[in-house]
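Working notes for the structure below.
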There are 2 protein chains.
Amino acid sequence: MFETNLYFKCENFQKVGAFKSRGAVNAVFSLDEEVVKNGVGTHSSGNHAQALARAAKLRKIPAYIVMPENAPQVKVDAVNNYDGIITFCKPTLQAREKTLAEVIEKTGAIEVHPYDNYKVIEGQATCGKELLESVADPDLILCPVGGGGLLSGTALSANYFSDGTDVIACEPAGADDAYRSFKSGKLIPSINPQTIADGLLTSVGQRNFPIILKYVSDIVTVSEEAIIKAMSFIFERMKIVVEPSAAVPFAAILENKVNVNGKHVGIILSGGNIDLKKLPF
Amino acid sequence: MFETNLYFKCENFQKVGAFKSRGAVNAVFSLDEEVVKNGVGTHSSGNHAQALARAAKLRKIPAYIVMPENAPQVKVDAVNNYDGIITFCKPTLQAREKTLAEVIEKTGAIEVHPYDNYKVIEGQATCGKELLESVADPDLILCPVGGGGLLSGTALSANYFSDGTDVIACEPAGADDAYRSFKSGKLIPSINPQTIADGLLTSVGQRNFPIILKYVSDIVTVSEEAIIKAMSFIFERMKIVVEPSAAVPFAAILENKVNVNGKHVGIILSGGNIDLKKLPF
């Protein structure tokens, strides 16, 4: 099908089913005992919530997780499973931020942002580092972009640990704030993004953007149809479960947005947490 | 969840997505040049058809595959993909056997039965052998049973290559011919079996049954609900794609049909070929 070699880094097999474990563990274990003794906090309805709860449990400190009251039960259960202490709020960004501020005020916990945090970026960088260790000098690494935690970490790893590997970010056309920011050179937030790739709805972070501008070679966008087609292909042919966000880089290949002909290409499959009742096929 | 260690042998990652590759390759490559020069033939609408077409292509001989005219397009495409020569027939066992006999008469091909064939059994035995090589002396191996090719091969491997590993077969209650045959000591064919585990609808073969009687420790049956629950669990927690038949041994654990407490248990996940449009969740 392609005259190329594709290497998949399967973060769906990572703890909590996504790369988010890396950043959360690095952030939680990098904090001084004095800073972290009252616990950590975040607002998240996604993989970061589980990852932070798990990391805190490993360090034997409390994790305070603010979740929207309409969060899927499966995500709530997963956080409970790691003994995360959940506070529910209205499902708006404003309510989430306000509730988290109150929880932090009350408990003395320290916030660990899902991506706009250097220790989180460092942790996510280990994914690209491992890929570079197992595939000698790929020409390209393809990586999805949402908030930019994984992408900025991957770009840093390629810069420091590879011999000229390019990093290309892949983004849903319906949530193309990273693409527009990259092309214009200034951070443009996401407004009403629409995509099946629910992990990529967030806007690129302040700390992530300068790293992306400096170390990422290009950003391409893909259609929803290509994301679903890529996801089907990965289920059917590779026999593994990925979430829609994870299928975005392979979608870019299927849609000829990236030239992979004759190249060695690393592809980061970012995670595998999906509601089986909501599969798009 | 369980006080036990479970080791999964992932035949969904095998060529053609199922253990059937093993038997087909062994059978096709064991035949003398003189015997095999006109090709091989079978009637199958399942994984064996693809596996035989692939094995024949590797040996550069033709594969004649008789398929029912209502076979799913995805299976037809897969056989075509390996250059299998397809003859369609009415979807009855009688029509399939008659059509295959005609094709063999005309072409001089030799039939390779999907399970009632010693070379196929030998090939399937390599799956259990590999499991025993990677897990030191498991107490138990759990294996699904349909026609009995995989089961008889696994039981032979456990007998010859393990230090007392028991093999327990797991079968859908709605297709329990192996269970009834095993308990009565005489081969009872399947009559109108009903199960979502479409790979296990066939009756146990003549050559398979004596091996099963002699070397298998027990056969247990599971409900349809447990099969679907096991399949969901494997998708959600292990992040891999399995077909319903492959989930049957794990269903036996979920349904407490096998005592695995404190034991090291090998579980054969037999394959991962499913129609994504027909997932039971």
Testing B:Ala101 on (1) surrounded by 16 or more Cβ atoms within 10 Å (Cβ to Cβ); (2) at pLDDT 95 or above, one condition comes back false. Which one is that? (1)
Read through the list (1) surrounded by fewer than 20 Cβ atoms within 10 Å (Cβ to Cβ); (2) in contact (Cβ under 8 Å) with a residue 40 or more places away in the chain, then give the number of the only condition that B:Asp77 fails. (2)
Sole residue being modelled with pLDDT under 95 and among the hydrophobic types (A, V, I, L, M, F, W, C), chosen from A:Ile211, A:Ile168, A:Ile196, A:Ile191: A:Ile191
For segment A:215-234, which residues satisfy the criterion of being touching a residue at least 40 places away in the same chain (Cβ under 8 Å) and either closer than 21 Å to A:Ser181 by Cα or crowded, with 23+ Cβ neighbours inside 10 Å (or both)? A:Tyr215, A:Val216, A:Ser217, A:Asp218, A:Ile219, A:Val220, A:Thr221, A:Val222, A:Ser223, A:Glu224, A:Ile227, A:Met231
Strands (runs of 3 or more DSSP E) fully within segment A:130-247 counting 3 or more residues that are within 26 Å of A:Ala49 (Cα to Cα): A:140-144, A:166-172
Exactly one condition in (1) of a type outside the set (A, V, I, L, M); (2) part of a helix (DSSP H, G or I); (3) closer than 25 Å to B:Asn70 by Cα is false for B:Pro91; which is it? (2)
Positions within segment B:1-29 being in a helix (DSSP H, G or I) and either within 14 Å of chain A (Cβ to nearest Cβ) or over 20 Å from B:Thr107 (Cβ atoms) (or both), in sequence order: B:Glu11, B:Asn12, B:Phe13, B:Lys15, B:Val16, B:Gly17, B:Lys20, B:Ser21, B:Arg22, B:Gly23, B:Val25, B:Asn26
A:Asn208 more than 14 Å from chain B (Cβ to nearest Cβ) and surrounded by fewer than 20 Cβ atoms within 10 Å (Cβ to Cβ): no
Would you mind telling me which numbered condition in (1) touching a helix residue (DSSP H, G or I) at 6+ places or on another chain (Cβ under 8 Å); (2) assigned by TED's automatic domain parsing to the domain that holds B:Ile268; (3) acidic (Asp, Glu) B:Asp163 fails? (1)
Could you tell me whether any residue of segment B:256-269 is within 14 Å of chain A (Cβ to nearest Cβ) and either assigned to a strand (DSSP E or B) or under 23 Å from A:Glu236 (Cα atoms) (or both)? yes
Criterion first (at positive phi and outside the structural domain of B:Ser45 (by TED's automatic domain parsing)) does B:Asn273 satisfy it? no
Qualifying residue in segment B:170-183 (condition: surrounded by fewer than 16 Cβ atoms within 10 Å (Cβ to Cβ), in the same structural domain as B:Leu142 (by TED's automatic domain parsing), in contact with a helix residue (DSSP H, G or I) (Cβ under 6 Å, 6 or more places away or on another chain) and not aliphatic (A, V, I, L, M)): no
Return yes or no: is A:Gly46 modelled with pLDDT under 95, under 17 Å from A:Gln124 (Cβ atoms), away from every other protein chain (no Cβ under 14 Å) and in contact with a helix residue (DSSP H, G or I) (Cβ under 7 Å, 6 or more places away or on another chain)? yes
Looking only at segment A:267-281, count how many residues are buried (at least 24 other Cβ atoms within 10 Å of the Cβ) and either small (Gly, Ala, Ser) or within 17 Å of A:Ser45 (Cα to Cα) (or both). 4
When you go through (1) modelled with pLDDT under 95; (2) out of contact with any strand residue (DSSP E or B) (no Cβ under 9 Å at 6 or more places or on another chain); (3) within 14 Å of chain B (Cβ to nearest Cβ) one by one for A:Lys229, which number turns out not to apply? (1)
Quick check on segment B:235-252: of everything there that is surrounded by fewer than 24 Cβ atoms within 10 Å (Cβ to Cβ) and among the aliphatic types (A, V, I, L, M), which residue is nearest to the other protein chains (Cβ to nearest Cβ)? B:Ile240
Note on segment A:84-137: residues out of contact with any Asp or Glu (no Cβ under 9 Å at 6 or more places or on another chain) and among the aromatic types (Phe, Trp, Tyr) are A:Tyr115, A:Tyr118
In segment B:93-152, residue nearest to B:Ala251 (Cα to Cα) [restricted to those that are touching a residue at least 24 places away in the same chain (Cβ under 8 Å) and among the basic types (Lys, Arg)]: B:Lys129
Among the residues of segment A:104-129, write down those that are outside any helix (DSSP H, G or I), among the β-branched types (Val, Ile, Thr) and buried (at least 21 other Cβ atoms within 10 Å of the Cβ). A:Val112
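The values are calculated or read from the model by the stated rules, or taken from the named source; none is laboratory data. In this text, all values refer to a predicted model and were calculated from it rather than measured experimentally. Neighbour counts run over all protein chains shown; Cβ positions are idealised from the backbone, glycine included.
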